[in-house]
Amino acid sequence: MTLFILLLLAGILLLFGGGELLIRGAVSAAERMGVSPLFSGLVIAGFGTSSPELVVSLQAALQGSADIAVGNVVGSNMTNLLLIIGLSAMVSPLKVVMKTVKRDGTVMIGAVILFLFLAADGSIGFVDGCIMVACLIGYLVYTYRDERLKEAGRGLSGTPHSSTKSLFLILVQIISGLILLIVGSDLLVKGAIGIAQQMNLSEALIGLTIVALGTSTPELAVSVMAAWKGNNNIAIGSILGSNIYNILGILGVTSLFSTLTLAPRLIIFDQWALLAVILLFVLFMATHNRVTRAEGFILFAIYVAYILSSLWFG
């Protein structure tokens, strides 16, 4: 047990270090590329911090643990919206651009509805994965063009803005940050799974709670630090990007290699709970164009209730 605790602590330290490097590189990259910090958060920070989820889910699926693979994705999205946004908003109210609600919020809702539709038969196969990956590619292309047009309209496209960092330094920060995040997540997940297995928890429950929390720690590090530094677009963008990528990208790519069968509790409860949480989050974003501290506390309280009920009912 002591070894697993040490792995958890080491993982947390690496994750926060990686989060600091990644957010610095992401902001500088956005300035040099002439795109908004929101796009940087959606793609670089959001997708980058989802790398641990991809590695864990793919390994779990290939090893025959589909419950962990799917539970990791569903649980990570719940953790992102309830715990991470909740804590970030309590640190500093998160201002939201209405286009974020209309474009990325709508895509996030659409992604989970697509997941519900494709998983209606209790599994996600190769064809389903192709559909998800195709939707993700379409979203990325559209988002990039939309952000470029927006910046071009302001006369900012292609302008380095205030960034004085060299491209090499920016790449070093981003790559180093991602490496620390992946290594830190691996250590944290190993420690978490080791502890969970000693407690005789089911694979689905491990995926939804322990593994999901472990692989979502990069998003926690990036979003909380972004909120602390006042980079709301990075904080919101990284979560939106991560949630969209988790469903369309991770489930999509993983199902290309192995058919994913959903555990009964995922079909009956967790996938519907995820849809409800996403709708609530989008509602919070749409009201007054911000997620307030009070709303952050509500999200955090729901997360605590969700975890406790999951542990209670197994």
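The values are calculated or read from the model by the stated rules, or taken from the named source; none is laboratory data. Just so it is clear, the structure is predicted and the values come from calculations on it, not from any experiment. All Cβ positions, glycine included, derive from the backbone under ideal geometry; neighbour counts span all protein chains shown.
A few remarks follow.
- Of everything listed in (1) hydroxyl-bearing (Ser, Thr, Tyr); (2) modelled with pLDDT under 90; (3) more than 15 Å from the chain's Cα centre (by Cα), the single unmet condition for Thr215 is (3).
- Residue within the range 225-233 that is more than 15 Å from Leu87 (Cβ to Cβ) and part of a helix (DSSP H, G or I) present: yes
- Those residues of the range 193-224 which are assigned to a helix (DSSP H, G or I), hydrophobic (A, V, I, L, M, F, W, C) and farther than 22 Å from Leu180 by Cα, in sequence order: Ile195, Ala196, Ala204, Leu205, Ile206, Leu208
- Considering (1) modelled with pLDDT of 80 or more; (2) touching a helix residue (DSSP H, G or I) at 6+ places or on another chain (Cβ under 8 Å), the lone condition that Val127 does not fulfil carries the number (2).
- Residue within the range 153-169 that is at pLDDT below 90, under 30 Å from Ser255 (Cα atoms) and among the hydrophobic types (A, V, I, L, M, F, W, C) present: no
- Selection of the range 93-115 for residues being polar (S, T, N, Q) and at pLDDT below 85 yields only Thr100.
- For the range 257-314, taking the residues that are hydroxyl-bearing (Ser, Thr, Tyr) and assigned to a helix (DSSP H, G or I), the one that is surrounded by the fewest Cβ atoms within 10 Å (Cβ to Cβ) is identified as Ser309.
- Lone qualifier among Gly75, Gly46 - being part of a helix (DSSP H, G or I), surrounded by 21 or more Cβ atoms within 10 Å (Cβ to Cβ) and at pLDDT 75 or above: Gly75
- Residues that are touching a residue at least 60 places away in the same chain (Cβ under 8 Å) and among the aromatic types (Phe, Trp, Tyr) were ranked within the range 273-314; the one that is farthest from Phe115 (Cα to Cα) is Phe297.
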